[in-house]
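**Q** Before we start, here is the structure in question, set down as C-alpha cells.
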Amino acid sequence: MGYKVVVVGATGNVGREMLNILAERQFPVDEIAALASRKSLGTEVSFGDKTLKTQDLATFDFAGWDMALFAVGSAATKDYAPKAAAAGCVVIDNSSLYRYDPDVPLIVPECNPQAIHGYSKKNIIANPNCSTAQMVVALKPLHDRARIKRVVVSTYQSVSGAGKEGMDELWDQTKAVYNPTSDVAPKKFTKQIAFNVIPHIDVFLDDGSTKEEWKMVAETKKILDPKIKVTATCVRVPVFVGHSEAVNIETEDFLDEDEARDILRESPGIMVIDKREDGGYVTPIECVGDFATFISRIRQDSTIDNGLNLWCVSDNLRKGAALNAVQIAELLGREVLKKG
C-alpha cells in the first residue's frame, strides 16, 4: 500500500524536479496529482514513464490525500497550504512562509530527522532555503565532532534559484552580448547577470544584509544549533544550475583536516572529491542532476586556532529544493505514516 501524493506547482522548475525525483527514488505512490494555477491547467508533466495533466489548485479537494509537496510562492502557499493541512493532508512546503514558525519543523533529513514529529501541530513541514540546505549537510557531522562556534560563508548561487525567469534572463542576455543589435535589460535581476556577478539576493534589510543572507543565519540556527554564529554574503553568478559555497568554520575543539575529510566521507548525503591537483574538485556544472552535496578543498585555516575551509557544491533544484522535500516525504512515511 502506497501514498496518495500531491505536487503543487507541478509546471515550475522545482515542481517538475519533485515529480522526477519521486519517480527516480521509487517513492511508494498509489496515486499522484499534479496541480498548477488555472493558467497552466491541462499542461502535461512527466512522472516516470507516465504523463500527468495538471489540475486546478484553486478547486482541488485535498481530503483523503496523504501528503502535498508545495513548490509555489509564499502568497499561494498562504492560501492553500492551511486548506490542505486542515483536510488531513501533510504539507511539505518549499516556500519561505513557514520556515521560521516555531510550530513548524524545518528539516534537512541528514541533520535533524527527529524534528519530523513536530509536524502535527500544524500538519506542515518546511523545506529550508537552497543555500542553507547544502551547507548544513556539510556542517552537521563536523559540529557533532568538534562543536562549531562560527561560520563565515560566501555563496555563488545559480540563476535557477530565481526560477525560470532567471534562467531565461541569463540566456537572453548572453546571446545579446554577441549580437550588437539586441539589448536585454535586467528585469528579474537588479543588474546584468550575463558575464557578471551580483552581490544581492532578495531584499535589503536594515542592517545592510539581504534577506537571503538572513535566511542562512536563521535557518542554520533552527536546524543545527542556536549557538552557532553565522555570517553570510550571498552572490548571484551566471551559472544556470548548481550553487557553490566557500565555507570557513571555527570549532571549539581542534579538528585536523584529514579527520574532517574522513568524517565527511562517511556522512550521509555527502560526496568528497578533494584532490590537490588540477581538476581535483567539483564545480557546479558537474553536480547537475546528482543527489549528493559535494565537498572539495578541505584545508586548515591557520589564521585561527581551530579553523577549517571547504568548498561545497550542490544541485540547488535537487538538494536545495526538490530532493530535500522528497527526502522529508520518505522520512514522514518511515517515521509517522508508515504505509509505504
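**Q** Consider region 146-161. How many of its residues are within 25 Å of the chain's Cα centre (by Cα) and over 16 Å from PRO284 (Cα atoms)? Break it down stepwise before answering.
**A** Going residue by residue through region 146-161, those that are within 25 Å of the chain's Cα centre (by Cα) are 147-161.
Among the residues that remain, those that are also over 16 Å from PRO284 (Cα atoms) are: 147-153.
Residues meeting the conditions: 7.
**Q** Do the conditions hold for ALA232, that is, is it more than 21 Å from SER131 (Cα to Cα) and among the small types (Gly, Ala, Ser)? Break it down into steps so the answer makes sense when it comes.
**A** Numbers: more than 21 Å from SER131 (Cα to Cα): no; among the small types (Gly, Ala, Ser): yes.
Spelling it out, it is not the case that ALA232 is more than 21 Å from SER131 (Cα to Cα) and among the small types (Gly, Ala, Ser).
**Q** Something else about it: Residue pairs, Cβ under 6 Å, 6 or more apart or interchain, first in region 119-142 and farther than 13 Å from ALA81 by Cα, second assigned to a strand (DSSP E or B) and among the small types (Gly, Ala, Ser). List them.
**A** Note: pairs meeting the criteria are GLN134/SER314.
**Q** Quick check on LEU22: is it of a type outside the set (Phe, Trp, Tyr), open to solvent by less than 30 Å² (accessible area, probe 1.4 Å) and either under 25 Å from ALA292 (Cβ atoms) or in contact with a His (Cβ under 7 Å, 6 or more places away or on another chain) (or both)?
**A** Details: of a type outside the set (Phe, Trp, Tyr): yes; open to solvent by less than 30 Å² (accessible area, probe 1.4 Å): yes; either under 25 Å from ALA292 (Cβ atoms) or in contact with a His (Cβ under 7 Å, 6 or more places away or on another chain) (or both): yes.
The answer is yes for LEU22.
**Q** Still on this structure, I have one more. So, of the residues in region 115-150 that are open to solvent by 40 Å² or more (accessible area, probe 1.4 Å) and in contact with a helix residue (DSSP H, G or I) (Cβ under 9 Å, 6 or more places away or on another chain), which turns out to be nearest to THR220 (Cα to Cα)? Lay out the reasoning, then the answer.
**A** Filtering region 115-150 down to residues open to solvent by 40 Å² or more (accessible area, probe 1.4 Å) leaves 117, 120-122, 140, 144-145, 147, 149-150.
Of the ones still in play, those that are also in contact with a helix residue (DSSP H, G or I) (Cβ under 9 Å, 6 or more places away or on another chain) are 117, 120, 122, 140, 144-145.
Working: HIS117: 19, SER120: 22, LYS122: 22, LYS140: 10, ASP144: 14, ARG145: 17 Å.
My answer is LYS140.
**Q** Please determine whether any residue of region 23-36 is closer than 24 Å to SER158 by Cβ and charged (D, E, K, R).
**A** So far as region 23-36 goes, yes, one or more of its residues are closer than 24 Å to SER158 by Cβ and charged (D, E, K, R).
**Q** On to the next question. Looking at VAL184, VAL197, VAL177, VAL153, can you tell me which residue is open to solvent by less than 20 Å² (accessible area, probe 1.4 Å), among the β-branched types (Val, Ile, Thr) and at negative phi? Steps first, please.
**A** Values: VAL184 fails: open to solvent by less than 20 Å² (accessible area, probe 1.4 Å); VAL197 fails: open to solvent by less than 20 Å² (accessible area, probe 1.4 Å); VAL177 fails: open to solvent by less than 20 Å² (accessible area, probe 1.4 Å).
Result of the check over VAL184, VAL197, VAL177, VAL153: VAL153.
**Q** Within the set of pairs 6+ apart or on separate chains, which have a first residue in region 68-86 that is in contact (Cβ under 8 Å) with a residue 12 or more places away in the chain, a second that is open to solvent by 50 Å² or more (accessible area, probe 1.4 Å), and C-beta atoms under 7 Å apart?
**A** From residues that are in contact (Cβ under 8 Å) with a residue 12 or more places away in the chain, the pairs are SER74/LEU97; THR77/LEU97; LYS78/LEU97; ALA85/LYS122.
**Q** From the residues in region 156-174 that are open to solvent by less than 80 Å² (accessible area, probe 1.4 Å) and of a type in the set (Ser, Thr, Tyr), which one is farthest from ILE228 (Cα to Cα)?
**A** To start, the set of residues in region 156-174 that are open to solvent by less than 80 Å² (accessible area, probe 1.4 Å) comprises 157-163, 166-170, 172-174.
Cutting the leftovers down to of a type in the set (Ser, Thr, Tyr) gives us 158, 160, 174.
Numbers: SER158: 26, SER160: 29, THR174: 40 Å.
My answer is THR174.
**Q** Filter region 275-308 down to residues that are touching a Lys or Arg at 6+ places or on another chain (Cβ under 6 Å) and not hydrophobic (A, V, I, L, M, F, W, C) and give me whichever is least open to solvent (accessible area, probe 1.4 Å).
**A** Result: THR293.
**Q** Do we find a residue being open to solvent by 60 Å² or more (accessible area, probe 1.4 Å), on the phi < 0 side of the Ramachandran plot and modelled with pLDDT of 95 or more anywhere in region 242-251? I'd like the intermediate steps shown before the answer.
**A** If we filter region 242-251 for residues that are open to solvent by 60 Å² or more (accessible area, probe 1.4 Å), which is where we start, we get none.
No, that holds for no residue.
The values are calculated or read from the model by the stated rules, or taken from the named source; none is laboratory data. The model shown is predicted, which means the values in this text are computed figures rather than measured ones. All Cβ positions, even for glycine, are placed from backbone atoms using ideal geometry, and neighbour counts span all protein chains on display. Accessible surface areas use protein heavy atoms only, side chains included; no ligands, DNA or RNA. Shrake-Rupley method; radii C 1.70, N 1.55, O 1.52, S 1.80 Å.
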